[in-house]
Structure formats: C-alpha cells, structure tokens
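Only one structure is covered here, and it is reproduced in the block below.
The values are calculated or read from the model by the stated rules, or taken from the named source; none is laboratory data. Owing to the predicted nature of the structure, the values given are computational and were not obtained by experimental measurement. Neighbour counts are summed over all protein chains in view; Cβ atoms, including those assigned to glycine, are modelled from backbone coordinates with ideal geometry. Note: areas computed on protein heavy atoms with side chains; ligands, DNA, RNA excluded. Shrake-Rupley method; radii C 1.70, N 1.55, O 1.52, S 1.80 Å.
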Amino acid sequence: MISRQDKIFLTIVLFLIALQTVSPWGTMPLGNIVLWWGMDVLVLALILKVRPRFYDRANKTTYIIFAYLYWNISCIVRGGFVAENYWEWKNLFTMGFVLLLPTTIFISTNRLLVQTIFNVFIKYLLPAFILFTAITYPIAWGVYLIPISVLLLFLPLLTRKWQIALLGIALFAATASIAARSNVIKFAVPFLFGLLFYVRPFVGVRLLGLGRLLLLGLPITLFILALTGTFNVFKIDQYMKGDYTTVQESGETEDLTADTRTGLYVEVLASAIYNEYVWLGRTPARGNDSELFGAEIEAQTKTGKFERYANEVSVLNVFTWTGLIGVVLYFLVFFRATFLAVHRSKSWYMKILGLYVAFRWSYAWVEDFSRFDLSYILLWILIGMCFSSSFRNMTDMEFKYWARGIFDIRYRKATLKKVRVKKQF
C-alpha cells in the first residue's frame, strides 16, 4: 500500500524532475546544476530507500540489468581517474547520474507504485502544465507531456472521457512545435501500437515476435548499410522532392528533411577509433572529439580540448561513455525485456508494451536524449514492467482495472481488494 507520505514525496520529486526536463527550453533560468545534482541524488536515494518495500526479488530475470548497471558504475569510477578539469568533473557527475537510472528497476516492477506514479502525473503535474507553458517555449511542451504518450498504449482500456482527453492532449503536444519532429513520432507511435488491441484476432504472438525482432534488428542493419555506403536513412532529402521547411520560434527557417545525424555518427566513431576507446568507452567524464561543435565548446570551456560531451543520439552517448561493451549490454537489456513482455506475458497489453520498448531501442539510434528527465526515466520504468513477473502475470481484465485505476480511485480499491483476497488463499 502506498502511504499518503509516500505520495506527497513522490509528487514533489516528479515536479522537480519535470522542471529539470524542460529547463533547457525555459524563457527564464529554471534552476542550476547544483539543484539538479541535488535532485538526482534525491531520486536515486529514494529508489534505494524504498527498494526493500517494493522490489520483488522473485524477478530473477533482471540479472542483465544488474550486469549493465555494474558496468556503468565501473565506467563512472574510471571517470574519476580520467577527469582533469571542472568541465570533465561536471560531466562525470551529470552523466553519471544518467547511467545510474537502471536502478529504477527496484520500483518499476511493482505495479501499484507504477500506477501511483502515473496517477500523480495526471492528478497534479498535468494541471501544473499551465504554469509550465508560461515559462517555457512550445518545443518543451511535448517533452513535459511525454507520460501521456505512454498512456496512449492503453487507450482502448480507458473510459470514453479519458480517451478523448488523452487524444486531445497528445494532438496538442505533438503539434505545439512542428520543428520538434521527435514529439510527433513519440506520440504517434504508441497511439498506433495501442490500436493493435483491436486487431488482435488477426495478429498472433508469432507476428508480434517478428515485429519485435524487426524493431531490434532494424537500426543495426541500417547502420551496416550506411557504413558500406549502400543506403543512408538519414539522407532522406535525397529520396524526397518538395519543400519541407518550417519556421522555428526564433524566426529561423528549418529544413525538416535535413540530415542532422550522419555527421554525429562520423565524429563519434572516428573519435573512438583514433583515441582507442572503442571497447571500454571514454567514461562519462569525457566526450567525443568534434569538428562540428568542438571549436565553439572549447571557446566556452577554455580546456584546450575540442570535445562534445553529449549528443542528441542516445546510443552514441552510450557508446562514447561505456564503449561497445556498454552498447551490447544495453541491447541485451532491451532484447530480454521485450522477449519477456511479448512471449512470457498473459496480457495483450504487455505484449504491446514490449513492442513499444523495442521501438525505443530503434529510436535510440535516431534521438532519445540521454538525460535525467521524464522520457528516459519512463523508459526504464517500462523496461522494469517488462521484467516484472507481477505485470506479466496480469490478464487483460486485470490490466484494464490497473490502467483505469490511474484515473479512478474506485478501480484502485477494487484491485487492492482482489490482491488481499488472493493473499488469504
């Protein structure tokens, strides 16, 4: 049972995470690095504190997450011997907290706590969105509302009122800033996946399994094709004709088909090969050598090093900080989590959730910032749900009660009553 004190503390923590999430796009300064470090420590300490109450040790399949977490910790420790100046120590702490987010598994295997997290967002943070629109640019609105995108996966389970409400919010978030192409993708994909529930008589588990393998293998295949010069998916402007431009909030015109990723891949790979950190990574204290951004960054830091500490592409950050070993372990986390969700769950919604997590692996090769924010924390919560035996043993009807319980206390009480009855027998 979640106590009132737990819920108050959780509300405060989620509000601070939301504030940190949108801080890069604030119309005014929103906090500082000391505040964010303090909040990150608070979140991680909270997870470890509540672990004995909420983590089910019966989830023995989480060993791969622990392997990935231990490898990340070793990279953070190595970073302490690598860092040479203020900026590298700053990056070590900031990105080190990001690499510790797999600890979220300690709470996200508990279905009551996960339900409470979404309930707090709907009940308190969603109304607070009005405040955030006044202090942030439109590009940040979809980032703030990212939990709504996850709830779209369960849209068929909800009442008509909440179906309409969530669709309206999602449409608003996806179109608030057309320049934020990622927002459109992050809201459209879970909505489409949620619709799979309606066609389940025509879609078997085998087909879902093929879809999972396709999503897991597609980015690796495209990466190999790009390396061999056969096909580069990022150079979409070569295959599309027409004017696809938009005007940003700053007044500048942006080409929506422009290739903004190939250069990043070239720089990151070249830096790793030249500096010989392909396997072990450069630790989160360092970044990749950069010709595109290095001179501008060096002018600000005065370190004499032309490095970019983090990139927009999540998998490139994992590679730079933890090496190819880290990327392989990261992949295995997704591989195992999605396998359990698709092939070892009773509910169709867990299977759909597994497909969405597989999509997030694919999208990590395109964007999905590696930040201590709502989006990345939610990703680890979803991964924890996939590993959770409690979630995977839920039937479609139990999942319906769980999803509706996010919005209606009557369903939460009904669920708790059923759990108590099961424990008696």
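What nm value, rounded to one decimal, do you get for the distance between ALA67 and PHE15 when each label is placed 7 Å out toward the C-beta?
4.2 nm
Semi-axes of the chain's equivalent ellipsoid from the Cα gyration tensor, sqrt of 5 times each eigenvalue, largest first, rounded to whole Å? Don't skip to the answer; put the middle values down first.
Numbers: eigenvalues 228, 122, 109 Å².
Working through the eigenvalues yields semi-axes of 34, 25, 23 Å.
Projected onto the charge dipole of the chain (+1 at Lys/Arg Cβ, -1 at Asp/Glu Cβ, origin at the Cα centre), which of PHE97, THR61, ALA337 gives the Cα projection farthest towards the positive end?
Checking the options against the dipole of the chain, the answer is THR61.
For the stretch 297-414, give the magnitude of the charge dipole about the Cα centre (Cβ charges: +1 Lys/Arg, -1 Asp/Glu; no others), in debye to the nearest 20.
On the way: 15 positive and 9 negative charges, 115 e Å.
Here the size comes out at about 560 debye.
Assign one of three labels to the stretch 173-232, namely rounded, prolate or oblate, based on the Cα gyration tensor with a ≥ b ≥ c the square roots of its eigenvalues; rounded applies when a/c is under 1.5, prolate when it is not and a/b is larger than b/c, and oblate otherwise.
In terms of gyration-tensor shape, oblate.
What does the accessible area of MET397 come to, in Å² to the nearest 10, when a probe of 1.4 Å is used?
For MET397, solvent-accessible area is about 100 Å².
On C-alpha positions alone, give me the angle between the axis of helix 262-275 and the longest principal axis of the chain, in degrees, nearest 10.
Between helix and principal axis, roughly 70 degrees.
Using the Karplus curve 6.51 cos²θ - 1.76 cosθ + 1.60 with θ = phi - 60°, work out ³J(HN,Hα) for each residue of the stretch 67-76 in order, rounded to whole Hz, and write x for Gly and Pro.
Along the stretch 67-76, the couplings run 4, 5, 5, 5, 5, 4, 4, 5, 5, 5 Hz.
What does the accessible area per residue of the chain come to in Å², with a 1.4 Å probe and no ligands, DNA or RNA counted?
Solvent-accessible surface per residue comes out at 46 Å².
Measure off 7 Å from each Cα along the Cα-to-Cβ vector at VAL184 and PHE223, then give the distance between these two points in nanometres to one decimal.
That separation, rounded to one decimal, is 2.6 nm.
Heavy atoms only, probe 1.4 Å: what % of the accessible area of the chain goes to carbon and sulfur, would you let me know?
66 percent
Between beta-carbons, use under 12 Å as the cut-off and find the net charge around ASP396, counting Lys and Arg +1, Asp and Glu -1.
After counting each charged neighbour, the total is +3.
So what's the angle, to the nearest 10 degrees on a 0 to 90 scale, between helix 86-99 and the longest Cα principal axis of the chain?
30 degrees
Under a 1.4 angstrom probe, counting protein chains only, how are SER345, SER74 ranked by accessible area, largest first?
Ranked list, largest accessible area first: SER74, SER345.
First check a/c for the stretch 106-234, with a ≥ b ≥ c the square roots of the eigenvalues of its C-alpha gyration tensor; if it is under 1.5, answer rounded, and if not, answer prolate when a/b is larger than b/c or oblate otherwise. Please list the in-between numbers first.
Working: a/c = 1.99, a/b = 1.31, b/c = 1.52.
It is oblate, given that a/c is not under 1.5 and a/b is not larger than b/c.
Arrange the residues PHE399, PHE359 by how much accessible surface each exposes, largest first, with a 1.4 angstrom probe.
Result of the area sort, largest leading: PHE359, PHE399.
Round to the nearest 10 and give me the degree value, 0 to 90, for the angle of helix 33-54's Cα axis relative to the longest principal axis of the chain.
That works out to roughly 40 degrees.
Greater than 28 Å separation of Cα atoms is the criterion. Which listed pairs, LYS161/LYS351; LYS7/LYS400; LYS123/LYS186; LYS49/LYS413; LYS7/LYS346; LYS90/LYS123, meet it?
Where the Cα-Cα span goes over 28 Å, the pairs concerned are LYS7/LYS346; LYS90/LYS123.
For the stretch 295-425, what class follows from the C-alpha gyration tensor (a ≥ b ≥ c being the square roots of its eigenvalues): rounded when a/c is under 1.5, otherwise prolate if a/b is larger than b/c, else oblate?
Working: a/c = 3.50, a/b = 2.36, b/c = 1.48.
Verdict is prolate for the stretch 295-425.
Can you give the longest stretch of the chain with no exposed loop site, where a site means trypsin sites (Lys or Arg not before Pro) in a DSSP loop (not H, G, I, E or B) with at most 10 other C-beta atoms within 10 Å? Working shown, then result.
Working: sites that count: ARG57, LYS241, LYS302.
It works out to 58-240.
Kirkwood Rh over alpha-carbon pairs of the stretch 43-93, then Stokes-Einstein at 10 °C and 1.306 mPa s: what D in µm² s⁻¹, rounded to an integer? Can you show the working numbers first?
Details: Rh = 13.2 Å.
After rounding, the answer is 120 µm²/s.
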